[in-house]
Amino acid sequence: MASIRPFAGLRYDIASTPLEDLTAPPYDVLSPSERDAYASRNACNVVHLTLPEQKADDRSKFVKYARSAALLTAWRQDGTLVKEPKPAIYRYTQQFNLPGIPDAFSRTAIIALIKVEPYEAGVVLPHEQTFPKHKEDRMRILEATRAHLECIFGLYEDPDGCVLRAILDAPAAGVVHTRSDEGVTHDLEPITDEVANARLTALLADKKVWIADGHHRYETAMAFRQNLGQKDRLVPEDYMMMALCSISDPGLVLLPTHRIVRSMSLTQAQTLDRLSQIFNLAQIPSSQLMSRIEQIHHEGSKAFGLVFGGGVGYVLSEKQPGSILALNTSDESDSLKELDVTVLHRVILEKLLNVVGLEQISYTRDADEAVRAVEEGAAASFLMNPPSVSDMQEIALGGEKMPQKSTYYYPKILSGLVIWSLNDF
């Protein structure tokens, strides 16, 4: 099943530069302004690799990818990045807090190489649809650098905690520690003990892996390998870097991803009239929407928050059980149809409000940001509850995919802690 192995990673030499100045969130959660802010912290910040700058005098749009590759080579040569002396599996621990919850959370994963398998093999399972343009960009980066610059995030089943105990018991050769801007602490510990790594490899060998975060990068790695054709031995392109975490880890947190609709063809009155066909609409201040729909969710019912300007919000709750499901005439399974994210896209946006396609939609995990977006000119925002991890597993095992941006696992895997060059295979 899942084939993992240790690797000699590239890590920053932090003797003279704090790791906080060199690391950054993953490429796909950074706005252009946030990318530039991280880039300005240090000339060697990882965003110069993961999101290379497009300069005005570049001969083509592909020059920036060559620039990323050249930087990676230069940083290896001048000692900015140093290769691990022995192959390692990296223990990765994140500690963090969530608003309104006094207790701290801790999530433990390992970072290792995993053999890239086609989805139909049933070893690595997706749960979300992807955007083609994002895969093209990641392919250009991978082709130019021949390196996996960031980890994707995968989950495995560990009901008896055996794998997690082995991870925690494994001896480590030192630790690096950093704190990211949102207050998350990150500890990375290389495990170079061959016995410990052999045990971890064996324990994970019979596991399926669900992609939690990084579908675009995984599908890019699949295409990268397929482009080589058949080989009679393992090659570097057979592998990519992944952070692997137990589904049972108490620190595994899923947050909702809210939708901001920039423009709609319907007026506010028409929108409410359409929605009232199947939803009860309760008007409350928009600042109270998130806590209210969370409460309804915990009571076992489905609810959405609709934000209009002027601080006005509406709680949308189903009038008649089954009425929402009846409006989705696709051939999707009932399990997929009943997910909040599917109801929002297929029924609310497409069927009732005529918002078809994704051009008018943007995404945020911050409910306050979704409210502000409407005050700043967006037509409306929809707040929602997240799916559960078991929802994700069921959809993936059924061979289906949720709409894009359905899940937001928090915190993200920090970029710049470790890099893997295919040339070091």
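Among the residues of segment 322-359, write down those that are open to solvent by 70 Å² or more (accessible area, probe 1.4 Å) and in contact (Cβ under 8 Å) with a residue 60 or more places away in the chain.
Once the filter is applied, which keeps residues that are open to solvent by 70 Å² or more (accessible area, probe 1.4 Å) and in contact (Cβ under 8 Å) with a residue 60 or more places away in the chain, segment 322-359 yields only Asn354.
Touching a residue at least 24 places away in the same chain (Cβ under 8 Å) and touching a helix residue (DSSP H, G or I) at 6+ places or on another chain (Cβ under 9 Å) - does that describe any residue in segment 96-108?
Going through segment 96-108, the residues touching a residue at least 24 places away in the same chain (Cβ under 8 Å) turn out to be 96-98, 105-108.
Now drop any that are not touching a helix residue (DSSP H, G or I) at 6+ places or on another chain (Cβ under 9 Å), which leaves 108.
Yes, the conditions are met somewhere in segment 96-108.
Residues being open to solvent by 30 Å² or more (accessible area, probe 1.4 Å), over 19 Å from the mean Cα position of the chain (by Cα) and at negative phi: count how many of those fall in segment 371-396.
Adding up the residues that qualify gives 4.
Among the residues of segment 1-57, which ones are closer than 19 Å to Ile141 by Cα, of a type outside the set (A, V, I, L, M, F, W, C), under 23 Å from the mean Cα position of the chain (by Cα) and assigned to a loop (DSSP other than H, G, I, E, B)?
Answer for segment 1-57, where residues must be closer than 19 Å to Ile141 by Cα, of a type outside the set (A, V, I, L, M, F, W, C), under 23 Å from the mean Cα position of the chain (by Cα) and assigned to a loop (DSSP other than H, G, I, E, B): Gly9, Thr23, Pro25, Pro26, Ser31, Asn45, Pro52, Glu53.
When you go through (1) assigned to a helix (DSSP H, G or I); (2) surrounded by fewer than 17 Cβ atoms within 10 Å (Cβ to Cβ) one by one for Leu72, which number turns out not to apply?
(2)
Per-residue answers, yes or no, for (1) over 27 Å from Ala109 (Cβ atoms); (2) modelled with pLDDT under 95; (3) of a type in the set (A, V, I, L, M, F, W, C):
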site	(1), (2), (3)
Ile14	no, yes, yes
Asn45	no, no, no
Gln54	yes, yes, no
Arg59	yes, yes, no
Arg76	no, no, no
Glu84	no, no, no
Gln95	no, no, no
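Inspect segment 98-117 for any residue being within 19 Å of Gly174 (Cβ to Cβ) and not aliphatic (A, V, I, L, M) and give the result as yes or no.
Within segment 98-117, one or more residues are within 19 Å of Gly174 (Cβ to Cβ) and not aliphatic (A, V, I, L, M).
Checking Ile191 against (1) surrounded by fewer than 20 Cβ atoms within 10 Å (Cβ to Cβ); (2) over 28 Å from Glu143 (Cα atoms), which test does it fail?
Here Ile191 meets the rest and fails (1).
Search segment 304-321 for residues that are of a type in the set (Val, Ile, Thr) and pair each with any residue that is assigned to a loop (DSSP other than H, G, I, E, B) and crowded, with 16+ Cβ neighbours inside 10 Å when their beta-carbon atoms are under 9 Å apart and the residues are at least 6 apart or on different chains.
Val307/Ala378
Give the residue that is most open to solvent (accessible area, probe 1.4 Å), with candidates limited to residues of segment 1-16 that are in contact (Cβ under 8 Å) with a residue 24 or more places away in the chain and aliphatic (A, V, I, L, M).
Restricting attention to segment 1-16, the residues satisfying the condition of being in contact (Cβ under 8 Å) with a residue 24 or more places away in the chain are 1-14.
Within this subset, residues satisfying the condition of being aliphatic (A, V, I, L, M) are 1-2, 4, 8, 10, 14.
Numbers: Met1: 105, Ala2: 6, Ile4: 10, Ala8: 13, Leu10: 1, Ile14: 68 Å².
Here the residue is Met1.
Report yes if some residue within segment 336-354 is over 24 Å from the mean Cα position of the chain (by Cα) and part of a loop (DSSP other than H, G, I, E, B); otherwise report no. Lay out the reasoning, then the answer.
Taking segment 336-354 and keeping what is over 24 Å from the mean Cα position of the chain (by Cα), we get 347-348, 350-354.
If we keep only those that are part of a loop (DSSP other than H, G, I, E, B) as well, we get 353-354.
Scanning segment 336-354 turns up at least one residue that is over 24 Å from the mean Cα position of the chain (by Cα) and part of a loop (DSSP other than H, G, I, E, B).
Quick check: anything in segment 186-199 under 24 Å from the mean Cα position of the chain (by Cα) and either among the β-branched types (Val, Ile, Thr) or within 15 Å of Ile114 (Cα to Cα) (or both)?
No.
Among the residues of segment 215-243, which ones are assigned to a loop (DSSP other than H, G, I, E, B), open to solvent by 20 Å² or more (accessible area, probe 1.4 Å) and not charged (D, E, K, R)?
Asn227, Leu228, Gly229, Gln230, Leu234
Among the residues of segment 198-214, how many are crowded, with 21+ Cβ neighbours inside 10 Å and of a type outside the set (D, E, K, R)?
Residues in segment 198-214 being crowded, with 21+ Cβ neighbours inside 10 Å and of a type outside the set (D, E, K, R): 7 in total.
What number of residues within segment 38-50 are over 21 Å from Val82 (Cα atoms) and either open to solvent by less than 50 Å² (accessible area, probe 1.4 Å) or in contact with a Phe, Trp or Tyr (Cβ under 7 Å, 6 or more places away or on another chain) (or both)?
1
Would you please list the contacts, defined by Cβ atoms under 7 Å and residues six or more apart or on different chains, that run from a residue in segment 408-419 that is small (Gly, Ala, Ser) to a residue that is open to solvent by 10 Å² or more (accessible area, probe 1.4 Å) and outside any loop (DSSP other than H, G, I, E, B)?
These pairs meet every condition: Gly416/Tyr12.
Would a scan of segment 149-170 turn up a residue that is open to solvent by 40 Å² or more (accessible area, probe 1.4 Å), under 18 Å from Leu417 (Cβ atoms), touching a residue at least 40 places away in the same chain (Cβ under 8 Å) and touching a helix residue (DSSP H, G or I) at 6+ places or on another chain (Cβ under 7 Å)?
no
Do you know which residues across segment 122-143 are open to solvent by 40 Å² or more (accessible area, probe 1.4 Å) and either at pLDDT 95 or above or on the phi > 0 side of the Ramachandran plot (or both)? Full working, then the answer.
Quick first cut of segment 122-143, residues open to solvent by 40 Å² or more (accessible area, probe 1.4 Å) only: 129, 132-136, 140, 143.
Result: Arg140, Glu143.
I'd like to check something: does segment 289-296 contain any residue that is surrounded by 18 or more Cβ atoms within 10 Å (Cβ to Cβ) and over 28 Å from the mean Cα position of the chain (by Cα)?
No: segment 289-296 contains no residue that is surrounded by 18 or more Cβ atoms within 10 Å (Cβ to Cβ) and over 28 Å from the mean Cα position of the chain (by Cα).
Restricting the search to segment 397-425, which residues are hydroxyl-bearing (Ser, Thr, Tyr), modelled with pLDDT of 90 or more and open to solvent by less than 20 Å² (accessible area, probe 1.4 Å)?
Of everything in segment 397-425, those that are hydroxyl-bearing (Ser, Thr, Tyr), modelled with pLDDT of 90 or more and open to solvent by less than 20 Å² (accessible area, probe 1.4 Å) turn out to be Tyr409, Tyr410, Ser415, Ser421.
Quick one: in segment 397-425, of everything that is within 17 Å of the chain's Cα centre (by Cα) and of a type in the set (Ser, Thr, Tyr), which residue is farthest from Ser291 (Cα to Cα)?
If we take residues in segment 397-425 being within 17 Å of the chain's Cα centre (by Cα) and of a type in the set (Ser, Thr, Tyr), then Ser415 is farthest from Ser291 (Cα to Cα).
Consider Ser263 carefully, then state whether it is open to solvent by 10 Å² or more (accessible area, probe 1.4 Å), in contact (Cβ under 8 Å) with a residue 12 or more places away in the chain, among the polar types (S, T, N, Q) and closer than 26 Å to Glu400 by Cβ.
The answer is no for Ser263.
The values are calculated or read from the model by the stated rules, or taken from the named source; none is laboratory data. Predicted model only: the values in this text are computed from it and were never measured. All Cβ positions, glycine included, derive from the backbone under ideal geometry; neighbour counts span all protein chains shown. When the accessible area is computed, the model is the full protein with side chains, heavy atoms only, and any ligands, DNA or RNA have been set aside. Shrake-Rupley method; radii C 1.70, N 1.55, O 1.52, S 1.80 Å.
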